[in-house]
Every structure is written in structure tokens, then in C-alpha cells.
Amino acid sequence: VKAIYKRGARDFLGISYVPDIKSVNILLHDQKVIICGIPKVATTSFIKEFVYKKNYGSNVELHSESLVNLLNRKPKLRAYYKIAFVRNPWARVLSLYNSKICNPNPHFVKSFFIKYKGLYYGMPFSDFVHWLCETEEGSDSIADRHWLSQYHFITKNGDLLVDHVAKFESMSDELGELAKVIGCEKISLGNYSLKTSMANNPYTHAYDDHLTCLVALRYSDDIALFNYKF
């Protein structure tokens with residue numbers, strides 16, 4: 001219903017969508033740490049282990065809002081150690097495609113297909129990349145948080161809001177460092193998003209040279225800021 005209302009307001013009243021920079025912020029109060037979860041970067045696994053299972057402390061909160069709003073609303077949190085995980089944009093796009101276009105949660109994700117023109121269930125990957133990279137519907141100006149450029153979640157006016165940017169590709173080493181920060185021996189994350197993989201093939205198998213260049217242009221800021229390459 002919300003998706004239909006928003007689409008109607010956009011089509012008939014000219015009320016455009018705004019970028020969705022809502023992140024999943026896990027607050028570990030005893031350790032004074034904030035894990036800023038960027039969509040499609042293992043956020044489900046972090047929530048399961050840290051919030052639902054409370055494997056790394058019981059004094060934990062989950063706030064689903066933009067990090068900048070959270071810090072403005074609760075200034076004391078600015079003193080917390082803040083970490084965010086980012087992901088190779090080409091891999092993130094493929095993960096997005098697998099989970100949201102090919103295997104959508106029927107309770108809420110199908111609203112994507114109502115809200116955004118040209119987006120449809122099971123569309124070929126190449127068509128999805130063209131939609132994401134070459135149309136206004138896929139642009140950051142009106143993006144859903146699942147395909148919004150990652151830098152929007154953890155920067156303000158070009159300045160980083162977090163103390164450390166960790167890479168998904170170095171997850172094991174990064175979790176080891178995070179374990180030292182929060183004072184535990186080891187952090188283990190389960191894979192709670194198995195449907196995002198395609199027969200365990202590397203993301204590179206899904207791209208040709210043209211699609212690779214399209215994503216490079218679409219997410220050029222992420223690639224430059226976080227030092228990624230195909």
C-alpha cells in the first residue's frame with residue numbers, strides 16, 4: 001500500500017522520491033562501539049549475531065536510521081568508536097540482483113517493482129545493470145538504500161563519520177580487529193543470506209566489459225573513496 005501511494009504521489013502529484021540513507025546501526029553500549037551496517041554488506045549477519053543472539057554483549061541497541069541523524073539526535077554517541085563495512089561495488093550489485101530481483105521477499109521487497117519504473121521480477125542481469133546505471137530510476141537521486149552508493153551512509157559534506165572503514169573482502173581480518181576493540185576472543189558471522197550467491201561463482205562471471213564499465217561509472221565515488229577495482 002505504501003509503495004502504491006508513493007508511486008501515485010510521484011506520478012500524479014509530482015512528489016519525487018528522495019534517497020534513502022537509512023542504515024542499520026548496532027550500538028554496543030558496554031564497549032562504546034557503533035557498527036554502521038550498509039545494506040548488502042552482511043548486515044543481516046551482524047544483526048543476527050550481535051542483536052538477536054546477543055553473542056557479543058547484552059547491552060545492545062538497534063537503530064534503523066541514517067548515521068548522521070542518529071549522531072545528531074544522540075550527541076553522546078559521537079564519542080563511540082564507529083566502524084562501517086563496505087563492499088566491492090560490482091559484487092554488491094550482483095548480490096542486490098540475486099536477493100532483491102530474483103529472490104524477493106514477498107512481504108516487502110516486491111514493492112520495488114511497484115515503486116520504480118522499468119524494474120521487474122527476474123529481469124536479466126544485463127538489463128538490471130543498464131536500468132541501474134543508465135536511467136533516472138536507478139540513480140542515487142531517488143535510490144532505495146539497497147542500491148544507493150555506499151559513501152552516502154558514512155559521510156557528510158565529504159567528511160567520514162566513522163573511525164574505521166572495513167572491507168567485506170577482508171572480513172576475517174577485520175573481525176579479528178573488531179574483536180580486539182570490543183574485548184572478545186573471536187567474532188564469527190553466519191551467512192544468513194545464502195540466496196545472494198549464484199552457485200558460489202565469483203562476481204566477475206556475471207560481467208562483460210560493457211557492464212563492468214557501467215558499474216564503474218555509476219559507483220565511481222565509492223570506487224575512488226574505498227579504493228576498489230574490478
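Brief remarks follow.
- Computed FRET value (nearest 0.05) for C102 with Y52, which takes r as the C-beta separation and R₀ as 25 Å: 0.45
- The Cα-based radius of gyration of the chain, divided by its Kirkwood radius, gives an Rg/Rh of 0.96.
- Among beta bridges identified by DSSP and lying wholly in the chain, the antiparallel ones come to about 60 percent.
- Within the stretch 36-131, the trypsin sites (Lys or Arg not before Pro) that combine a DSSP coil assignment with at most 15 other C-beta atoms in a 10 angstrom radius are K53, K54, K110, K117.
- Considering every alpha-carbon pair of the stretch 14-117, the percent of pairs per 10 Å bin, from zero through the bin containing the longest distance, is 13, 38, 33, 15, 1.
- Projected label points at S16 and A79, each 7 Å from Cα along the beta carbon direction, are separated by 4.1 nanometres.
- Phi-derived couplings, Karplus 6.51 cos²θ - 1.76 cosθ + 1.60 at θ = phi - 60°, listed residue by residue for the stretch 169-174: 5, 10, 3, 4, 5, 5 Hz, with x used for Gly and Pro.
- When only the Cβ of Lys, Arg, Asp and Glu is charged (+1, +1, -1, -1), the dipole of the chain relative to its Cα centre reaches about 860 debye.
- Span from the the stretch 12-65 Cα centroid across to the the stretch 75-102 one, whole angstrom: 10
- Full-extension gain in nm, K180 to S126, via 0.36 nm per residue minus C-alpha separation: 15.2 nm
Each value in this text was obtained by applying a stated rule to the coordinates, not by laboratory testing. Keep in mind it's a predicted model, so treat the numbers as computed, not measured. As a convention, Cβ positions derive from the backbone with ideal geometry for all residues, glycine included, and neighbour counts pool all protein chains shown.
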